[in-house]
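Trainee: Pasting in a structure now, in structure tokens, and then I'll have a few things to ask.
Nothing in this text is a laboratory measurement; each read-out follows from the coordinates by a stated rule. Predicted model only: the values in this text are computed from it and were never measured. Cβ sites come from the backbone with ideal geometry, for glycine too, and all protein chains shown count toward neighbours.
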């Protein structure tokens, strides 16, 4: 399954966040498909793939005290529409 992770932090914490990101080790069982940084804000968007809930928790938990997390289960619109049409 694919997830969009959105992580936002307070202004002034960018250096701390970038240092944490540089040290981050993605757990086995998670594939990072792509990652985008908001160039005018304090937000990063990451598309990942995993079927392992434990790996998903290991990826997400270390960021809990650094900012605000959102995680959304996603699917390509074309595939979702095909499923919905039956």
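Trainee: Any idea what the relative contact order of the range 2-85 is, in percent, if you count C-alpha pairs under 8 Å spaced at least 6 apart?
Mentor: 43 percent
Trainee: Here is a further query. Mind computing the radius of gyration and Dmax over the alpha-carbon atoms of the range 2-85? Å is fine for both.
Mentor: Over the range 2-85's Cα set, Rg and Dmax evaluate to 14.1, 47 Å.
Trainee: Additional query: Counting other C-beta atoms within 10 Å, which of 44, 54 has the fewest, and how do the rest follow?
Mentor: By the 10 Å Cβ count, ascending: 54, 44.
Trainee: Further question: Report the extension gain between residue 36 and residue 57 in nm, rounded to one decimal, defined as 0.36 nm multiplied by the number of residues separating them, less their alpha carbon distance.
Mentor: Value of the extension gain: 5.5 nm.
Trainee: Further question on the same structure: List 52, 65 from most exposed to least, where exposure is judged by having the fewest other Cβ atoms within 10 Å.
Mentor: Ranking 52, 65 by Cβ neighbours within 10 Å, fewest first, gives 65, 52.
Trainee: Would you list 1, 71 from fewest to most Cβ contacts within 10 Å?
Mentor: Arranged by neighbour count, lowest to highest, 1, 71 become 1, 71.
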